[in-house]
Amino acid sequence: MSKITNLRKLRLRHGITLIEFADAAGVSNQQISRVELLYRPITRELEQKCARAMETVIDRRYGAVRALERDYRSFRSALLDETEDETRGQ
């Protein structure tokens with residue numbers, strides 16, 4: 001059985017892509033992948049970057065979920081009513 005970091009376990013369990021996480025950490029996705037698979041030495045600085053990045057991802061996702069909740073509540077009694085498709089033509 002191969003070894004991975006808890007970071008990778010969390011990231012995969014919660015559908016956080018390498019690109020999303022690396023963007024939040026300010027490093028390349030290749031660097032995150034190597035760290036997660038224990039192919040690269042873990043420094044205190046990198047550990048701190050990863051912790052801050054996870055907190056950033058959590059904050060972003062929390063904000064997105066709150067926005068979805070607000071939108072849902074405004075449409076709750078009319079979920080199947082006809083409306084304009086704002087995504088077409090973009």
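Which ones in the stretch 18-43 are hydroxyl-bearing (Ser, Thr, Tyr) and free of Cβ contacts under 8 Å to residues at least 12 places away in the same chain? It would help to see each step written out before you state the result.
The initial filter retains those residues of the stretch 18-43 that are hydroxyl-bearing (Ser, Thr, Tyr), namely 28, 33, 39, 43.
Ser28, Tyr39, Thr43, listed by residue number.
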_Pairs, first closer than 30 Å to Ala25 by Cα in the stretch 60-89, second surrounded by 10 or more Cβ atoms within 10 Å (Cβ to Cβ), C-beta under 8 Å, six or more apart_ = Arg60/Ala24
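A short reminder: the numbers here are calculations on the coordinates, not readings from a lab. The structure presented is a predicted model; accordingly, all values stated were derived computationally and were not measured. Please note: Cβ atoms are built from the backbone with ideal geometry, for glycine as well, and neighbour counts cover all protein chains shown.
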